[in-house]
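The structure under discussion appears below in the form of structure tokens.
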Amino acid sequence: MVSQIKQEVANVLDMIATVYKYLGMTFSLKLSTKPKNALGDPETWVKAEQFMEEALNEFSAKTGQSWTLNPGDGAFYGPKIDVQVYDALKRPHQCATAQLDFVLPMRFDLKYTTGTSAATTEGDAAAVATEERPVLVHRAVLGSVERM
């Protein structure tokens, strides 16, 4: 569900920070946005990027970890947050990621049923079943551990 993106991304960022702190690793964050060859609903892209930006801003306020914008470098199936770690020579390496995917749920015709309130003719609220398409979250916390 699009409305859950912010919280799910925040959870992934917290997990990454916890693991990297335990390992004594520093990292940087980049929000990669819609590329020219993007698939999926344009309105969903806009909402998703806004939710990811909000999650990053809240994470930054909480931890002091800054982030940068990487315009047009998202995957064709959704925006992503790239996490780079640094080796002993201070060279960056792509490691963790949090990626949203709008395409796979469409291709597999995935839907779930949710209930919303709607007024009936008598003025009572009744549950009305609606179908929504999920948003897939790909996450990798350690990524390629051999890079470390």
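The values are calculated or read from the model by the stated rules, or taken from the named source; none is laboratory data. Just so we're clear, the structure is a prediction, and the values are computed from it rather than from any experiment. Cβ placement follows ideal geometry from the backbone for every residue including glycine, while neighbour counts extend to all protein chains displayed. Side chains are part of the model used for accessible areas, which takes the heavy atoms of the whole protein and leaves out ligands, DNA and RNA. Shrake-Rupley method; radii C 1.70, N 1.55, O 1.52, S 1.80 Å.
What number of residues in segment 69-87 are among the hydroxyl-bearing types (Ser, Thr, Tyr) and open to solvent by 70 Å² or more (accessible area, probe 1.4 Å)?
Residues of segment 69-87 among the hydroxyl-bearing types (Ser, Thr, Tyr): 77, 86.
Still in the running and open to solvent by 70 Å² or more (accessible area, probe 1.4 Å): 86.
Residues in segment 69-87 being among the hydroxyl-bearing types (Ser, Thr, Tyr) and open to solvent by 70 Å² or more (accessible area, probe 1.4 Å): 1 in total.
Screening segment 88-105 for residues that are surrounded by 14 or more Cβ atoms within 10 Å (Cβ to Cβ) and among the aliphatic types (A, V, I, L, M) and picking the one that is nearest to Thr33 (Cα to Cα) gives Leu100.
May I ask you to list the residues in segment 34-78 that are acidic (Asp, Glu) and touching a helix residue (DSSP H, G or I) at 6+ places or on another chain (Cβ under 6 Å)? Glu54, the sole residue that qualifies.
If only residues of segment 54-68 that are within 15 Å of the chain's Cα centre (by Cα) and open to solvent by less than 40 Å² (accessible area, probe 1.4 Å) are counted, the one that is farthest from Glu43 (Cα to Cα) is Phe59.
On inspection, Phe108 fails the criterion of being aromatic (Phe, Trp, Tyr), surrounded by 14 or more Cβ atoms within 10 Å (Cβ to Cβ), under 30 Å from Thr130 (Cα atoms) and out of contact with any Pro (no Cβ under 6 Å at 6 or more places or on another chain).
Looking across segment 131-148, just one residue is at pLDDT 85 or above and surrounded by fewer than 12 Cβ atoms within 10 Å (Cβ to Cβ), and that is Glu131. For segment 56-110, a residue qualifies if it is hydroxyl-bearing (Ser, Thr, Tyr) and in a helix (DSSP H, G or I), and the qualifying residues are Ser60, Thr63.
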